[in-house]
Amino acid sequence: MTDAAGPRTRTVADVMSSPAITATSRESLAEAADRMSQHRLGSVVVVEDRRPVGILTERDLVRFAGSGADASVTKVSEWMTERPDTVAPDVEVTEAWRNLAEHGYRHIPVVEDTELVGVVSMRDLMRIAQIRPVEQAVTDVPKGLEGVVVAETSIGDVRGLEGFYHYRQYSAVELAEKRSLEDVWHLVFFGELPSVEQRDELRRRVRASRTIPDSVRPLLPAIAAAGDRFVALDALRSAVSLCASSLGFRASLDLDASELEDEAMQLCALVPTLVMALYRLSEGQQPIEPHPDLDYAANYLYMLTGEVPDPIRARALEKYLISTIDHGFNSSTFTARVITSTGADLGAAVVGAIGALSGPLHGGAPSRALDMLDAIGRPENADAHIRGMVEGGGRIMGFGHRVYKTDDPRSLMLRDVALGLGGPLADFARQVEETVVRVLAELKPGRSLYTNVEFYAGVVMSECGVPRSLFTPTFASSRTIGWCAHILEQAGDNRLIRPSAHYAGPPPPSWSRRSPASYPSCRRRPRPPDRPSWPRSWSRRRRRCSSPGHRRATSWGPSPLSCSASRPRCGRGSRTSWSTTPPAGGASARPSTRRRSGGRRLAAPGASTSPPAPPGRLPTGSTAAWGSRSGTPTSTGTRPAPGRDSGGAGPAVRSRQGWPDEEGPSHAREHHHHRQP
C-alpha cells in the first residue's frame, strides 16, 4: 500500500464514514427519514444482522413524496434499493470513485466479510480529489465534463436515466401542476414551501421591485435600437448590467446573506419588466408599467399587450415558467456559480449566465423547433421531410437531450398543456412528434430520440401569444430565479472554482528545478555568529568607477542614499570603498585591499573577515570603529565626520539602489575584507 518512491495510496477505509447509520426493513419511512435528518445524511443502510440488504437514499424519499402515501405506515422495505452494490475497505479511492461515477451512485456501503463496516459517499471522495495533485488526477475527465461531479447542491437534481427531476425534495413536474410560481420561488430560495403569510410577503416584495430604475429608463431605447436587428437576449444582457450598476450591487464577497438575498429578489423581479420593455421599444411602442395586482406570469403577458390575459393562458405560461426555473448544473447555472466563486457581484453572475444561455445548444431551440414545423408545413409532408433530415445528417430541433435518455418529463407535461390549450398548432406538433419517432426507429434502429422541453415549449408560448423572438428571454426570466438560488448557495459556502487542464500541445522547452542557492547571483551564505546584523535597508552597491582604468566601486549604506558626488569613484584602483555612515557628500571609511589576477579583490594580510558595522554599531569583539583608509582605528565610539575620513584623500563613493532581496554583506560574493587594527 505504500510506495517508497511516492505518497501512500488512499483506500476506502481512509475516507469512509464509520460506523454506518442503519435501519431495518421493518421500520417506517418516517423513522428512517428522521434518522437521516438528525445525522444530516443522504442515506441509511438497511441491514439484517450487520449484513446489508438494501439502501434507502434521499432519492428514494423524493420518489415516495410523489406517491402521496403516509410515511408513518409505509415500511422501509417498500422503497429501499435491494441488494445494493458494495465496496471493500481496501479498494483504492480511484477505483471507488470510478464505481460511483459509472453507476451514478452517491453512496455505497463498505463491506468486509459480508459485514457492514461503513459507508463511502461522493462527498468523501471529493475531499480527496480536492487535495490530490494534478499529476494524480482521479480519472480522465471526459469532454464537456459529462458525468463529472463538481459541487454539491441542495436546490435540485436531474436523473436522466429515470426521466425525473426535482426542486429540493419535491417533483418539479408536480410543483408545476399544483403550485404557483411564487410558491416555487420561495422553495428554491429558502428551502421550504411557503405558508400563506410567507407567500403574501414574497408577492409584496416582488411587486415592489418590478419597476425599472429611473437612471436606466432613458438608456433602454438606445439598447433596443442598437445593431442591425433586435436580439432580445443580447439587449437583456446589457440592461441587466446597467441595472446592477444603477442599483449599487456590490461584490458578493462583501455582503452578508440577507443583503445578497435582497439583491437576488430585486433582480429576479426586474428581469420580466426589462424583457417586455425592450421588446416594445424595438417595435416602436412605449413600455407598459407592471400591473400592481397581477402575479408573475399574468403580469408578464399584461406587459406584452396592455390587457389582462386570459387566466387559462396565464396559467399555461406559469406552468412552463415553473418547469424551467432550475435543471441541474447546466451550462448557464454553472457559469453563474463560477463567476460567483470569484466574489463578483450578483449582476455580473447573471449577465454571464445570460451569455451562456444565448448559445443555440443551450437555450435557443424553442423558436427553431417552430421553424422546423413551418418548414414541414402540413402533416402529410412530415415523413419525407424528416427522412431527408435524418439521411442528410441534419439536426432535428426539439429532440434529444444531453442528460435524458428517455422522455423529458418537462416535455410530457408541456405536451398536455399544449393539447389542453387546443388549436391546430398543438395537433400538428403531436403528429410531427409521432413521425419523428417512427422514422428514427426505422432508419436508426437502437437510437432513440425523444422530444425535449423546447419542442412543446414553443407551442405553449405561441398559443399564449408570446412572439418567437421572446421565447429564449422568457426562458431566461424564470431561469434567473434558479440562477440566483445557485448564486446564494455558492456564496454561502464559497471556494474559488479553479480547475486544471491537461496540456496537449507541442512539447515545452526542457526545464529542471534548481535551488535558488545554485545561482551565483543570489547565493546566500550563513552569517557568522559574531557578525553584526545589518539593517534591512542596507544593501551592497556596485557601480563602475568613473576613473580611467578602474573597474568599479562598492559601497555599503542605507537605501536610498543622497550624495552630492555626481559620479562614483573608488579612490585608488586597488581600493574598495565601504560606507559606515550615510554619505552626505563626503567620503566614507574604506579598508585597504589588493587585487589578484582576474580582477578579484583580496583582503590585505591580517584582514578581518567581517565588514564594518553600520552607523552607531561596533563590530563584535571590537572597541573601535573603522574610520581611516589605512585601517587605523579612531578613538573608541567616534565616527568620521560627515563628508570626510581620517585619511583625507579621495572623494566619497555615491551609493545607488541595489537588489531588493539582499540583506547586507552576507548576500555578496566573496570579496573585500577589513584589515585588523
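Couple of notes before you dig in:
- Against the list (1) touching a residue at least 12 places away in the same chain (Cβ under 8 Å); (2) not in a loop (DSSP other than H, G, I, E, B), the condition GLU259 fails is (1).
- Residue match in the range 194-206 (condition: within 30 Å of SER67 (Cα to Cα), in contact with a strand residue (DSSP E or B) (Cβ under 8 Å, 6 or more places away or on another chain) and not in a helix (DSSP H, G or I)): no
- Test: residue in the range 39-46 that is in the same structural domain as VAL117 (by TED's automatic domain parsing), modelled with pLDDT under 85 and more than 21 Å from PRO89 (Cα to Cα): yes
- Residue check, PRO467 touching a Leu at 6+ places or on another chain (Cβ under 6 Å), in contact (Cβ under 8 Å) with a residue 60 or more places away in the chain and within 30 Å of LEU346 (Cβ to Cβ): no
- Some residue of the range 368-384 being in contact with a Lys or Arg (Cβ under 6 Å, 6 or more places away or on another chain) and touching a residue at least 24 places away in the same chain (Cβ under 8 Å): no
- Subset of the range 222-255 [touching a residue at least 40 places away in the same chain (Cβ under 8 Å), under 16 Å from TYR279 (Cα atoms) and surrounded by fewer than 16 Cβ atoms within 10 Å (Cβ to Cβ)]: ALA225
- One residue stands out in the range 274-324 among those that are over 27 Å from MET413 (Cβ atoms) and assigned to a helix (DSSP H, G or I): the one that is nearest to the chain's Cα centre (by Cα), namely LEU274.
- For the range 164-193, the set of residues classified as without any contact (Cβ under 8 Å) to a residue 24 or more places away in the chain and part of a helix (DSSP H, G or I) consists of LYS178, ASP183, HIS186, LEU187, PHE190, listed by residue number.
- Selection status of ILE325, modelled with pLDDT of 95 or more, more than 19 Å from VAL148 (Cβ to Cβ), crowded, with 22+ Cβ neighbours inside 10 Å and among the hydrophobic types (A, V, I, L, M, F, W, C): yes
- For the range 29-48, a tally of residues being surrounded by fewer than 19 Cβ atoms within 10 Å (Cβ to Cβ) and out of contact with any Asp or Glu (no Cβ under 9 Å at 6 or more places or on another chain) returns 7.
- Taken over the range 305-342, residues that are hydroxyl-bearing (Ser, Thr, Tyr) and more than 21 Å from GLN169 (Cα to Cα) amount to 7.
- Residues that are of a type in the set (Lys, Arg) and either part of a helix (DSSP H, G or I) or modelled with pLDDT of 90 or more (or both) were ranked within the range 408-462; the one that is surrounded by the fewest Cβ atoms within 10 Å (Cβ to Cβ) is ARG438.
- Index of the failed condition, ALA172 passing every other in (1) in contact with a Ser or Thr (Cβ under 9 Å, 6 or more places away or on another chain); (2) loosely packed, with under 15 Cβ neighbours inside 10 Å: (2)
- Taken over the range 20-38, the residue count meeting the criterion of being polar (S, T, N, Q), in a helix (DSSP H, G or I) and either at pLDDT 85 or above or more than 20 Å from SER154 (Cα to Cα) (or both) is 0.
The values are calculated or read from the model by the stated rules, or taken from the named source; none is laboratory data. Everything numeric here is computed off the predicted structure, so don't read it as measured data. Positions of Cβ are generated from backbone atoms using ideal geometry, with glycine treated the same way; all protein chains shown enter the neighbour counts.
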